[in-house]
Amino acid sequence: MTNRADALTPTRLARGTVLAAAALTIMAAAIIAPSLPAMREVFADTPGSGLLVRLALTVTSLAIAISAPLSGIVADRVGRRPLLLAGLVLYAITGTAGFLADDLHLLLVTRAGLGLAVGGIMTAVSTLITDWFEGPGRASFLGLQQAFASLGGVVFLPLAGLLATVNWRAPFWLYSASAIVAVFAIISLREPRRSAPTESEDRRARLPGRVLGVYVLALVATLVFYMAPTQLPFLLEGFGSGPAVIGAVVAGSTLTSVAGALAFPRLRQRLSATAITTVSVALMGAGWLLIGTAGTVVQVVAGLLVGGFGVGFVVPNLNLRLAESARPAQRGRVLSGLVTGIFLGQFLSPLVVQPLVQTLGIGGAFTWTGIAMATGAALAALLPKRKETR
């Protein structure tokens, strides 16, 4: 008799395809960042172009946050494989469309479409992984998912910078990589066998309070972490750093988040999910304190490295907590909420942090954010522990 594990174990090609799809997600919005100054000049005659060009970067994250719950419903009702394929195709079309767009408003529409695609890809990838694996295998592959998502930024963002020096439109062609992944998805992926939700299950599908708490934590953690790309360039400029140094320093946090994600499976074998969350928040708090009190670029780098490890732990840990809380028929909807929390945090970060920056300065904003995170971690460590399975 074939057991569940044998029935769902994916091939190496299927696993590689899903990880490649994960690599396309986190970098999606930021890939055009090097082109923004040139875009501002090209569309200078468009009313409100200064704001609209910036929106070309942030509207993608907002679209992901808004559309992810719809992607969760599609994943549960239609299937994970169709959602992933549709997302990959839409990603390639809307992403590369920016190369041809000669109207700024049309460009914004394509960027919103890209957000819809990324929301579908991220939801499908996380749901497939939780369908495929259980126990330590699930923790290990969720760590790999986060590592590849971070590696996407390490690979694609510097490449986008090089392409932007040739032509500001050239980075848009990087989105065509999704078409290649889509071909491999068609070849290698099968829809996991699962029972369809009954009408009574749909009526009872209410999210427990702890699931909503995970969403809030994801939003806060991402909001804090995105202070790095949105605020650090201005802090480093005060130290006399040029664009090349700024890019290398900010990339450091991405590299250590890869390391943290790869270390997550072993950490999960030794600590409970709650303990890992506490450690993650503490690391981010310590890192941001180092940055806020920095007197040199070296100290800023040290803070980013510490904080990056915290982010590498927190995302797969939250993914795993949600996977363990959701019935198979609910997984798409439950995990899509995490996607919403992450990208809503990206979108809100500069808006929420700006009052702190205006009042305390950039260094002060990092310092007090670090204090708040460290205090939260300390309080969590001191609270009475409830029994939790590892």
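Residues that are under 21 Å from the mean Cα position of the chain (by Cα), open to solvent by less than 20 Å² (accessible area, probe 1.4 Å) and among the β-branched types (Val, Ile, Thr) do occur in the range 29-41. Among the criteria (1) in contact with a helix residue (DSSP H, G or I) (Cβ under 6 Å, 6 or more places away or on another chain); (2) outside any helix (DSSP H, G or I); (3) free of Cβ contacts under 8 Å to residues at least 40 places away in the same chain, the one Phe99 does not fulfil is (3). Would you call Leu267 in a helix (DSSP H, G or I) and in contact (Cβ under 8 Å) with a residue 60 or more places away in the chain? Against the criterion (in a helix (DSSP H, G or I) and in contact (Cβ under 8 Å) with a residue 60 or more places away in the chain), Leu267 does not qualify.
Within the range 68-90, the set of residues being part of a helix (DSSP H, G or I) and either on the phi > 0 side of the Ramachandran plot or buried (at least 24 other Cβ atoms within 10 Å of the Cβ) (or both) comprises Ala68, Ser71, Gly72, Ala75, Asp76, Arg80, Leu83, Leu84, Gly87, Leu88. Looking at the range 16-36, is at least one residue without any contact (Cβ under 8 Å) to a residue 12 or more places away in the chain and in a helix (DSSP H, G or I)? No, because not a single residue in the range 16-36 is without any contact (Cβ under 8 Å) to a residue 12 or more places away in the chain and in a helix (DSSP H, G or I).
Exactly one residue out of Thr9, Thr17, Thr25, Thr60 is farther than 29 Å from Gly135 by Cα and β-branched (Val, Ile, Thr): that is Thr60. None of Gly292, Gly307 is crowded, with 18+ Cβ neighbours inside 10 Å and within 18 Å of Gly345 (Cα to Cα) except Gly307. Tally time: how many residues in the range 172-200 are at pLDDT 90 or above and over 22 Å from Ile129 (Cα atoms)? Count: 5. Residue count for the range 91-105 satisfying the condition of being open to solvent by 70 Å² or more (accessible area, probe 1.4 Å) and modelled with pLDDT of 95 or more: 1. In this structure, Gly260 qualifies as touching a Phe, Trp or Tyr at 6+ places or on another chain (Cβ under 7 Å), crowded, with 24+ Cβ neighbours inside 10 Å and either at pLDDT 85 or above or part of a loop (DSSP other than H, G, I, E, B) (or both). Do you know which of the residues in the range 47-60 that are hydroxyl-bearing (Ser, Thr, Tyr) and closer than 15 Å to Thr230 by Cβ is least open to solvent (accessible area, probe 1.4 Å)? It comes out as Thr60. Of Ala44, Ala63, all but one fail to be within 20 Å of Val339 (Cβ to Cβ), open to solvent by 10 Å² or more (accessible area, probe 1.4 Å), at pLDDT 85 or above and not aromatic (Phe, Trp, Tyr); the exception is Ala63. Pairing residues of the range 332-351 that are within 15 Å of Val214 (Cα to Cα) with residues that are crowded, with 24+ Cβ neighbours inside 10 Å and charged (D, E, K, R), at Cβ distances under 8 Å and at least 6 apart in sequence or on separate chains, gives Arg333/Asp76. When you check Arg333 against the structure, is it over 27 Å from Ala112 (Cα atoms) and either among the polar types (S, T, N, Q) or modelled with pLDDT under 90 (or both), yes or no? In short, no.
Being touching a residue at least 60 places away in the same chain (Cβ under 8 Å), over 22 Å from Ser67 (Cβ atoms) and open to solvent by 30 Å² or more (accessible area, probe 1.4 Å), is that true of even one residue in the range 125-132? Taking every residue of the range 125-132 in turn, none turns out to be touching a residue at least 60 places away in the same chain (Cβ under 8 Å), over 22 Å from Ser67 (Cβ atoms) and open to solvent by 30 Å² or more (accessible area, probe 1.4 Å).
The values are calculated or read from the model by the stated rules, or taken from the named source; none is laboratory data. Keep in mind the model is a prediction, meaning the values are calculated, not measured. Heads up, the Cβs are rebuilt from the backbone with ideal geometry, glycines too, and the neighbour counts pull from every protein chain shown. The protein model used for the area step is the full one, side chains on, heavy atoms only, and it has no ligands, DNA or RNA in it. Shrake-Rupley method; radii C 1.70, N 1.55, O 1.52, S 1.80 Å.
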